[in-house]
Amino acid sequence: MFSQQLAGATILHGAHPEEVSSFVNKHIGHHKLEMLEEQEQKSRLSFREFAGFGLSQISYGNRVRVKSPELESIYHLQVVTKGECVWRQAGEQMRISSGQGLMVNPYEKIDLEYSEDCEKLIIKVPEQALVNARDVSLGRLPDKGIRFNRAPIDLRLCPPLVKIIEAVFSEFDDAEDEDISAVGAPYRDIILKKLLKAFPSNWSCQDNAVVCSPSLEKMIRYIEENVQRNIGIEELSDVSNMSVRSIYNAFSKAYSTTPKCYIKQLKLQNLRADLLRGRCRNVTQIALDYGFSHLGRFSSDYRKSFGELPSETMRMAG
């Protein structure tokens, strides 16, 4: 599974483990490398960036121990494709074997021991990218952010996730470098959705199917049907027959946000979907269509939500 899928992006081959470690520190995540046996120059590393992700395939070719104080504001999907590694945490050990994957959370300490033949696929996912995923951004975010369970899963039991990652690798093989960005955003969104579904977390464990009152359901349906209009709080009050204060309380309880922020985020999500489908002549026109009259602020909000400018999304859609 995923064997040599990044072979075309090889940076180091037959290298000293410290060379691989140096690259990892700069591009993947800060750590310290400890050699557990005589050093041999059998390390390999391949690396590519894709839609804000960092994709790497690593083999130290030696028994090594990797320690990291924390990953800062990034997640790691770590998949063992050959050999095995042992995760040490609070006096306990967890063995991760070939075909298994683990989601490492932001600010989580890492203490891993690699077998000599261990090879890993690592996908670096910015925390903000996951927060901005559609399934998350319109729901209730856990108080401490999304945190995945510290337990490996057999990816052979998650064919949808495996297939979408393999599809990305296939795009690397088929497309020229300048063409790959055109498919980046759609693939990124699907991968984030599959990660949330495949790996148990405090997001998937909580009741994300928000229990809405009939009045709140009526407001949400009204917003979705009129998303391009500028909807005011008084209008929602008329639709729902609720007081302004009750409306604010309802959105806070159900979505941890205000009605205004909910509407803006839904506008941005729908506008982006239109851009990706090629349903607009230019960015200015579609921004105005959705009620964004201050174009500078619109571009800033869009970039904060999706990690790219609307013009970049439009170029990717062709």
Report the relative contact order of the stretch 7-205, percent, no decimals, based on alpha-carbon pairs under 8 angstrom and at least 6 residues apart.
19 percent
If you take the Cα atoms of the chain, find Rg, then find the Kirkwood Rh from the mean of 1/r over all pairs, what is Rg/Rh?
1.03
Say a paramagnetic label sat at a point 7 Å from the Cα of Arg221, along Cα to Cβ; which residues of the stretch 238-278 have their backbone N under 15 Å from it?
239-241
Nearest 0.05, what FRET efficiency do Arg315 and Glu235 give at R0 = 41 Å with Cβ-Cβ as r?
0.70
In what sequence, highest mean first, do 12-24, 293-305 appear when ranked by Cβ atoms within 10 angstrom?
12-24, 293-305
Work out, step by step, the length gained on full extension between Ser204 and Tyr248: first 0.36 nm times the residue separation, then minus their alpha carbon distance; give nm to one decimal.
13.3 nm
From the convex hull of the Cα coordinates of the stretch 214-316, what is the mean projected area in square nanometres?
6.6 nm²
Can you give me the C-alpha center-to-center distance between the stretch 46-114 and the stretch 261-291, rounded to a whole angstrom?
38 Å
Would you list which aspartates and glutamates come within 19 Å of Lys26, measuring only between C-alpha atoms, while excluding same-chain residues fewer than 8 positions from it?
Glu18, Glu34, Glu49, Glu70, Glu72, Glu108, Asp111, Glu127
Any idea what angle helix 17-27 forms with the longest principal axis of the chain, computed on alpha-carbon atoms, 0 to 90 degrees, nearest 10?
10 degrees
Given the rule -39500 (n - 2.57) for each run of at least 4 DSSP H residues, summed and divided by the residues of the chain, what is its mean residue ellipticity at 222 nm, to the nearest 500 deg cm²/dmol?
-12000 deg cm²/dmol
Specify, per residue and in Å³, the volume enclosed by the convex hull of the alpha carbon atoms belonging to the stretch 19-119.
96 Å³
Nearest-20 debye value, the stretch 214-316 charge dipole, Cβ charges on Lys, Arg, Asp, Glu
260 debye
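Where a number appears in this text, it was derived from the coordinates with a stated rule and is not lab data. Model, not experiment: these values are computed from the prediction. All Cβ positions, glycine included, derive from the backbone under ideal geometry; neighbour counts span all protein chains shown.
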